[in-house]
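Participant: Have a look at the structure that comes next, please.
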């Protein structure tokens, strides 16, 4: 007699159990993604592209005679950017040179006068020796009774007069030589000439480094004063990012940590970099009027610490770079807004 076949029961999974399983898998995947990707990352969108931007100005006052650059133009170090009218400065240089020649002539005249006074002093010394000899002879004759008292007095007066003349000649020589011993007039004239030459040089504003001209406020015919900005010049080279992280985000942040930067202007590009340094003070301490918590009512505000991010490479679409490709260290316009992520673990 054949054995009866026992049918196995079929397990049915309801829609509810399926949904619960899918949810558990999604939660597990989310936790895994957070652990692997987001944990240990500090993020801020209070970050901007920075660079070396200098506002060049004239060191002397004058009228602009020539502007040789336009905005967004690339220049080399030493290129002339703005030239002031140099007529007044050239006249000052010529006058200073003439004053220097006058000072040299005055010193030469003082040398000659001192030499003349020295010669007069020598002549007075000879005259004094002769008067002293005559006085000695007059004293001998008076002592022997041959000469009168009048002749002795005359010899004595002649000797005193010769001594006075020699003393006067010595003082004149000393006074003449004192006027040029340190040659102060020449050095003063040379200093004024150097000042005039420097003013002439400063009438020309040149580029201190290779860069790109930004805003140009210099216009031909305008009168400028010392320190007035004329041209903004951005130095060539890689940009960097200043990210202002909250004080609660930097406890484990250190130089060398990897950073990822996304620029709003280039949404298809990812800039790779690293933390270069952390500021020794919060951004509020660099303000023109730092807050003083010792006065008034105190409200605690989370402070932000500037962190400098160096940009190394760029991935993706950035000015012709194909998607997925890696390019060299980029240079970005200063002031762009960026989003920064730093892996601190």
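Participant: Could you check the spin-label model distance between residue 248 and residue 336? Points 7 Å from the Cα along Cα→Cβ, value in nm.
Facilitator: For the pair residue 248/residue 336, the computed spacing is 3.1 nm.
Participant: Just want the ordering: 245, 48, from fewest to most Cβ atoms lying within 10 Å of their own Cβ.
Facilitator: On the way: 245 22, 48 14.
Least crowded to most crowded, the residues run 48, 245.
Participant: Taking R0 as 35 Å, what FRET efficiency do you get between residue 235 and residue 91 from their Cβ-Cβ distance, rounded to the nearest 0.05?
Facilitator: Details: r = 36 Å, r/R0 = 1.03.
Calculated transfer efficiency: 0.45.
Participant: Still on this structure: Could you work out how much longer the chain between residue 195 and residue 26 gets when fully extended? Use 0.36 nm per residue separation minus the Cα distance between them, nm to one decimal.
Facilitator: On the way: separation 169, 0.36 × 169 = 60.84 nm, distance 7.83 nm.
53.0 nm is the gain from fully extending residue 195 to residue 26.
Participant: Figure the gain on full extension for residue 202 and residue 143 (residue separation times 0.36 nm, minus the Cα-Cα span) and round it to one decimal in nm. Don't skip to the answer; put the middle values down first.
Facilitator: Values: separation 59, 0.36 × 59 = 21.24 nm, distance 8.31 nm.
Result: 12.9 nm gained on full extension.
Participant: Among 209, 89, 298, which comes first, then next, by fewest other beta-carbon atoms within 10 Å?
Facilitator: Numbers: 209 15, 89 21, 298 9.
Result, fewest neighbours first: 298, 209, 89.
Participant: Quote to one decimal, in nm, the extra length available between residue 156 and residue 116 on full extension: 0.36 nm per residue of separation minus the C-alpha distance between them. Spell out each step's value before the answer.
Facilitator: Working: separation 40, 0.36 × 40 = 14.40 nm, distance 2.77 nm.
Roughly 11.6 nm would be gained on extension.
Participant: Once the Cβ-Cβ distance between residue 274 and residue 74 is put in as r, and R0 is 22 Å, what FRET efficiency do you end up with, to the nearest 0.05? Spell out each step's value before the answer.
Facilitator: On the way: r = 29 Å, r/R0 = 1.30.
The computed FRET efficiency comes out at 0.15.
Participant: Same structure, new question: Describe numerically, in nm with one decimal, the distance between label points set 7 Å from Cα along Cα→Cβ at residue 210 and at residue 343.
Facilitator: 3.4
Participant: I want to make sure I understand the PRE zone here: with the label point 7 angstrom from the Cα of residue 225 toward its beta carbon, which residues in the range 63-101 have backbone N atoms less than 15 Å away?
Facilitator: Residues passing the 15 Å test: 63.
Participant: Over the range 89-198, what relative contact order in percent results from Cα pairs under 8 Å that are six or more residues apart?
Facilitator: On the way: 95 pairs, mean separation 56.2, N = 110.
Computed over the range 89-198, the figure is 51 percent.
Values in this text are rule-based calculations from the coordinates and carry no lab data. Being a predicted model, the structure only gives us computed values, none of them experimental. Reconstructed Cβ throughout: ideal geometry from the backbone, glycine too, with neighbour counts over all protein chains shown.
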